[in-house]
Amino acid sequence: MWDDHSGRASVVQAVRMTIADDLTDADIKETVPAELLGAENTRERAAWKYQRYMRDYLQTVQAVDDGSADFSTGSMLKAWPRTPSWSTPRTKASSSETTAGSTSA
């Protein structure tokens, strides 16, 4: 996060994207406090944004994990109907029954 890219390829050194300046309020789902704005607070703003972004990410991972645990323990399966609410269309007879006694004209 604090890498200045020195000693790396020139194309990497040219990268100017930073967490402090390019991670938006929409990304972190909060507004940055006024005391963290400005060039003198870049490092603190980056740390603040990173913490909020990771908190949201980890909450998402936890929710997925909780959901998969419900599925794997069967608690979600108990709520599902035994037969699906949708079904495939049935034909009047299977193909073997229709061809067995018929003759082509």
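The values are calculated or read from the model by the stated rules, or taken from the named source; none is laboratory data. What you are looking at is a predicted structure, and each value in this text was computed from that prediction instead of being measured. Note: ideal-geometry Cβ built from the backbone for every residue, glycine included; neighbour counts use all protein chains shown. With ligands, DNA and RNA removed, areas are computed over all heavy atoms of the protein, side chains included. Shrake-Rupley method; radii C 1.70, N 1.55, O 1.52, S 1.80 Å.
Listing for the model above:
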| read-out | value |
| --- | --- |
| Radius 12 Å from Cβ of Asn41, net charge of other residues (Lys, Arg +1; Asp, Glu -1) | -1 |
| Net charge contributed by nearby residues that have their C-beta within less than 14 Å of Arg52 (K/R +1, D/E -1) | -1 |
| Exposure of Thr24 as accessible area (Å², to 10), given a probe of 1.4 Å and all protein chains | 70 |
| Relative contact order of the range 1-68, pairs being alpha-carbon contacts under 8 Å that are 6 or more residues apart, as % | 27 |
| Heavy-atom SASA rank of Trp2, Trp48 (probe 1.4 Å, accessible area, largest first) | Trp2, Trp48 |
| Nearest-0.05 FRET efficiency for Ala39 and Ser6, computed from C-beta distance (R0 22 Å) | 0.60 |
